[in-house]
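Asks: My questions all concern the structure below.
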Amino acid sequence: MSKLSGLARRFVEVGLLQEAKALEILVSAKKEKRPFVVQATLSGACNSRTAAELVASEFGLPLLDISSMDPNLFEKDLVSTELLEKHRIIPIFKRGNRLHIAQADPSDIQALDEIKFATGMIVDAVVVEADKLNVLVERLLSGSADASLGDLDGDFDIEEDDSSKAKDADDEVADEAPIVRFVNKMLLDAIRTGASDIHFEPYEKRYRVRYRTDGVLHEISSPPVSLAGKISARLKVMSRMDISERRVPQDGRIKMKISKTKAIDFRVNSLPTLWGEKLVLRILDPSSAKLGIDALGYEPDQKQLYLDALSQPQGMILVTGPTGSGKTVSLYTGLNILNTPETNISTAEDPVEINLEGINQVNVNAKVGLDFAEALRSFLRQDPDVVMVGEIRDLETANIAIKAAQTGHLVLSTLHTNGAAETLTRLANMGVPPFNIATSVTLIIAQRLARRLCTHCKKPVEFPPEVIKKMGFTSEQMAEATFYQAVGCEHCSGGYKGRVGIYEVVKITDAMSRIIMEGGNAIQIADVARKEGFNNLRLSALKKVVAGVTTLEECQRVTSD
């Protein structure tokens with residue numbers, strides 16, 4: 001241990017590194033002219049976050065997550081690029097004559113002295129994670145517009161249409177640089193964190209921004225309430241809304257070009273509330289429609305049932321579930337499988353969420369009389385092979401869709417029902433004749449989205465046998481299964497990261513058809529489905545629990561209806 005000193009010695013003492021490895025890193029750090037901590041982290045010898053926590057504790061300095069900051073606000077102009085590159089530091093903010101420097105290794109006194117000399121300011125170090133700091137330094141040196149985006153590369157551009165702006169004072173407000181930077185940061189951070197929705201919400205005494213991540217809302221920011229009008233004006237300009245109209249809801253769209261090959265769309269809705277306009281942005285990432293069926297979470301037998309139904313020349317496939325259960329992704333995945341030069345595919349959607357090359361997509365517009373039923377009638381005169389209807393809402397749409405399915409077309413659509421059996425009875429309650437239901441519907445997929453356990457921090461947990469049995473586990477499953485609980489770490493949100501689909505995939509069999517034509521109820525149909533080997537949502541969720549993909553709590557939450 002005599003050969004080591006300072007942080008290298010401390011890393012060995014706490015078990016972060018073996019002595020031999022620490023010596024090796026010291027040699028390579030000297031050769032690369034890097035601080036020890038930076039070399040240890042970038043070489044993969046130790047965890048960046050753990051190293052940063054130890055360094056901050058040793059020096060009694062604050063620890064900062066630099067990836068959460070807006071690089072546009074850094075004081076990088078105070079330090080030459082030569083110093084920034086030489087010492088791998090970033091001046092993050094100043095107060096009066098004090099300049100705060102983001103640094104991975106505060107033992108590098110020379111860096112602080114040189115910056116102090118160059119700026120004539122008092123310099124204070126703030127500890128940050130070496131890998132995040134290194135990425136930011138590289139991107140700042142290369143002139144990247146926003147270096148905090150991780151996987152998002154390069155500059156971005158937002159399409160705007162000046163003609164859509166109202167010519168009043170709000171034009172100037174919407175273009176104020178701090179407001180523009182704040183809104184852009186909220187949008188970019190939402191993409192980076194995998195959020196599905198962004199909520200901008202004004203109240204009497206506060207304003208908040210929330211992201212929906214993995215199906216759960218989290219408060220992200222609380223800007224001054226005085227900025228509420230400016231933020232909403234900026235968002236409305238970006239989404240081509242009328243910013244002079246604040247009395248009625250409006251719909252708009254933002255297209256953000258992340259790079260030459262990648263763009264993200266935001267579907268925007270404004271709602272007049274008591275204290276101003278609330279705006280909600282739905283993030284529409286085209287890549288989510290191209291994940292492939294293997295990434296969605298179907299069990300092997302369920303996947304095969306879906307593929308078999310898609311291969312049929314006619315019939316109806318229905319995807320059901322509540323809002324936000326992933327129905328659109330399931331439908332688009334099926335359409336991508338069918339999308340070949342030999343196939344004519346038309347879709348009627350409200351609205352079109354993701355543009356799919358090679359598919360004829362139609363936005364329904366009730367104001368001009370173009371509803372789902374009217375779009376379907378037009379499709380049938382367009383020589384279609386496959387038709388997708390965004391949702392079957394009424395008897396007219398249901399009858400036309402079923403007619404199409406009976407006359408040589410494959411029809412895909414959705415219904416808002418809880419399960420497969422309820423879907424069949426819902427069609428009957430709409431007034432569709434039982435014979436038509438039995439002879440046209442070929443497959444029903446009921447689905448939910450459960451939060452996926454973080455693989456870095458999930459921890460085994462034991463439950464009382466009576467609790468597990470009550471959830472639906474057999475004695476054999478109880479004996480073999482290992483249950484996990486969500487913990488929470490730097491890699492996830494509350495112990496969960498991402499979501500996985502929970503599915504009930506039911507092929508309409510002869511026995512089910514007989515019950516439908518006899519006017520049977522949902523309970524009878526569900527019993528037959530169970531006897532014929534089709535797992536319901538609860539059993540499918542339990543399989544994910546046994547596989548260690550999710551928790552019992554999530555299973556209960558998503559399948560409690």
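Asks: So Ser259 fits all but one of (1) of a type outside the set (Lys, Arg); (2) modelled with pLDDT of 90 or more; (3) within 29 Å of Cys492 (Cα to Cα); (4) surrounded by fewer than 18 Cβ atoms within 10 Å (Cβ to Cβ); what number is the exception?
Replies: (2)
Asks: Gly419 is checked against (1) modelled with pLDDT of 90 or more; (2) open to solvent by less than 60 Å² (accessible area, probe 1.4 Å) and fails just one. What number does that condition carry?
Replies: (1)
Asks: Further, regarding this structure: For region 74-82, does any single residue satisfy the condition of being β-branched (Val, Ile, Thr), under 30 Å from Pro178 (Cβ atoms) and open to solvent by 30 Å² or more (accessible area, probe 1.4 Å)?
Replies: Yes, the conditions are met somewhere in region 74-82.
Asks: So Asn399 ticks every box in (1) at pLDDT 90 or above; (2) closer than 29 Å to Asn339 by Cα; (3) buried (at least 20 other Cβ atoms within 10 Å of the Cβ) but one. Which box is left unticked?
Replies: Failing condition for Asn399: (3).
Asks: Which condition number does Phe117 fail, the rest of (1) in a strand (DSSP E or B); (2) open to solvent by 20 Å² or more (accessible area, probe 1.4 Å) being met?
Replies: Answer for Phe117: the failing condition is (1).
Asks: Working carefully through the options Leu63, Leu17, find the one that is crowded, with 21+ Cβ neighbours inside 10 Å and modelled with pLDDT of 80 or more.
Replies: Leu17
Asks: If you take the residues in region 192-232 that are among the β-branched types (Val, Ile, Thr) and outside any helix (DSSP H, G or I), which one is farthest from Gly498 (Cα to Cα)?
Replies: Val209
Asks: If I ask for residues that are open to solvent by 20 Å² or more (accessible area, probe 1.4 Å) and either at pLDDT 90 or above or not basic (Lys, Arg) (or both), which ones from region 497-512 would you list?
Replies: The answer is Gly498, Glu504, Lys507, Ile508, Thr509, Asp510, Ala511.
Asks: Here's a follow-up. Name the single residue, out of those in region 233-255 being more than 18 Å from Arg212 (Cβ to Cβ) and part of a strand (DSSP E or B), that is most open to solvent (accessible area, probe 1.4 Å).
Replies: Asp251
Asks: Can you tell me which of (1) in contact with an Asp or Glu (Cβ under 7 Å, 6 or more places away or on another chain); (2) within 22 Å of Tyr332 (Cβ to Cβ) is the one Thr423 doesn't meet?
Replies: In the conditions (1) in contact with an Asp or Glu (Cβ under 7 Å, 6 or more places away or on another chain); (2) within 22 Å of Tyr332 (Cβ to Cβ), Thr423 misses (1) alone.
Asks: Checking the conditions here, which among Thr41, Thr50 is in contact (Cβ under 8 Å) with a residue 60 or more places away in the chain, hydroxyl-bearing (Ser, Thr, Tyr) and either touching a Ser or Thr at 6+ places or on another chain (Cβ under 7 Å) or surrounded by 15 or more Cβ atoms within 10 Å (Cβ to Cβ) (or both)?
Replies: Among Thr41, Thr50, only Thr41 is in contact (Cβ under 8 Å) with a residue 60 or more places away in the chain, hydroxyl-bearing (Ser, Thr, Tyr) and either touching a Ser or Thr at 6+ places or on another chain (Cβ under 7 Å) or surrounded by 15 or more Cβ atoms within 10 Å (Cβ to Cβ) (or both).
Asks: Does any residue in region 531-548 that is closer than 20 Å to Tyr306 by Cα come within less than 6 Å, Cβ to Cβ, of a residue that is part of a helix (DSSP H, G or I) six or more places away or on a different chain, and which pairs are these?
Replies: Ala541/Cys555
Asks: Looking only at region 373-426, which residues are closer than 16 Å to Asp350 by Cα, in a loop (DSSP other than H, G, I, E, B) and among the acidic types (Asp, Glu)?
Replies: Glu391, Asp394
Asks: Where the second residue is of a type in the set (A, V, I, L, M, F, W, C) and assigned to a loop (DSSP other than H, G, I, E, B) and the first is without any contact (Cβ under 8 Å) to a residue 12 or more places away in the chain and lies in region 495-507, which pairs have Cβ atoms under 8 Å and are six or more apart or on separate chains?
Replies: none
Asks: If Asp527 satisfies every condition in (1) open to solvent by 50 Å² or more (accessible area, probe 1.4 Å); (2) over 27 Å from Asp308 (Cα atoms) but one, which is the exception?
Replies: (2)
Asks: Which of the numbered conditions does Pro433 fail, given that it passes all the others? Conditions: (1) modelled with pLDDT of 90 or more; (2) within 29 Å of Lys497 (Cα to Cα); (3) surrounded by fewer than 22 Cβ atoms within 10 Å (Cβ to Cβ).
Replies: The failed condition is (2).
Asks: In region 266-370, which strands (runs of 3 or more DSSP E) lie fully inside it and hold 2 or more residues that are open to solvent by less than 20 Å² (accessible area, probe 1.4 Å), of a type in the set (Val, Ile, Thr) and at pLDDT 85 or above?
Replies: 315-320, 345-349
Asks: So the check is Cβ under 7 Å with 6+ separation or different chains; which pairs have a first residue in region 462-486 that's open to solvent by 60 Å² or more (accessible area, probe 1.4 Å) and a second one that's modelled with pLDDT under 80 and not in a loop (DSSP other than H, G, I, E, B)?
Replies: That search, which allows pairs on different chains as well, returns Pro465/Met478; Lys469/Met478.
Asks: Checking the condition among the acidic types (Asp, Glu), at pLDDT 85 or above and open to solvent by 30 Å² or more (accessible area, probe 1.4 Å), which residue from Glu201, Glu219, Glu176 passes?
Replies: On inspection, the qualifying residue turns out to be Glu219.
Quick grid of which residues meet (1) closer than 21 Å to His87 by Cα; (2) in a strand (DSSP E or B); (3) of a type in the set (A, V, I, L, M, F, W, C); (4) touching a strand residue (DSSP E or B) at 6+ places or on another chain (Cβ under 7 Å):
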residue: Leu4; (1), (2), (3), (4): no, no, yes, no
residue: Arg10; (1), (2), (3), (4): no, no, no, no
residue: Leu16; (1), (2), (3), (4): no, no, yes, no
residue: Lys21; (1), (2), (3), (4): no, no, no, no
residue: Leu26; (1), (2), (3), (4): yes, no, yes, no
residue: Val37; (1), (2), (3), (4): yes, no, yes, no
residue: Gly44; (1), (2), (3), (4): yes, no, no, no
residue: Ala52; (1), (2), (3), (4): yes, no, yes, yes
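The values are calculated or read from the model by the stated rules, or taken from the named source; none is laboratory data. Please read these numbers as outputs of a predicted model, since none were measured by experiment. Every residue, glycine as well, gets a Cβ built from its backbone with ideal geometry; the counts of neighbours run over all protein chains shown. Only protein heavy atoms, including side chains, enter the accessible area calculation; ligands, DNA and RNA are left aside. Shrake-Rupley method; radii C 1.70, N 1.55, O 1.52, S 1.80 Å.
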